[in-house]
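Asks: I am attaching a structure below and will ask some questions about it afterwards.
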Amino acid sequence: MWVALLQSLKDGDLNVGGETRTKQLEAFRAGFNQVFEASNLQIFSPSELDYLLCGRREMWEADTLVEHIKFDHGYTSKSPLVINLLEIMGEFNPEQQRPFCQFVTGAPRLPPGGLAVLNPISNNTASNAAGGVSESADDDLPSVMTCANYLKLPTYSTKTLMQI
């Protein structure tokens with residue numbers, strides 16, 4: 001999307017739904033140029049612009065994930081709950097990564113530099129996510145603090161329940 005929009009900026013023509021949006025284009029161009037002169041973007045390829053503006057697209061692997069996740073409340077990378085989470089995340093395709101990343105971080109993709117540059121590093125904790133009392137953690141839903149990239153994951157009894 002950004003690449004097409006920036007190409008339209010460069011060409012001076014933004015066609016949306018068959019209508020040219022000259023006023024909107026000029027307003028966007030003026031605002032964009034206040035932050036960064038659009039003519040300076042010509043040194044970048046479309047894929048480089050996509051990376052800079054939209055972040056990184058990388059496949060997650062359990063080994064890589066464990067290096068960038070901090071575990072709290074007595075859980076370690078060897079805890080069954082954590083192993084299940086890492087296995088599930090490592091099986092995600094890009095279409096599954098986007099909503100998970102959006103849920104935990106507030107953005108659909110990782111920033112340039114990937115997991116290593118998240119500040120603070122993604123945190124995972126097992127807890128009763130709702131903070132209330134339930135008969136089983138299997139009935140609870142995960143919750144997050146997106147400002148801290150902090151996932152509160154109930155202690156599900158099986159990997160299958162965690163995947164649902």
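Asks: Provide the gained length on full extension for the span R57 to S45, in nm with one decimal, where the gain is 0.36 nm per separating residue minus the Cα-Cα distance.
Replies: That pair, R57 and S45, stretches by 2.7 nm at full extension.
Asks: For E91 and L161, calculate 0.36 nm times their separation in residues minus their Cα-Cα distance, and state this gained length in nm to one decimal.
Replies: Here the answer is 23.7 nm.
FYI, it's all coordinate maths here, none of it is from the lab. Predicted model only: the values in this text are computed from it and were never measured.
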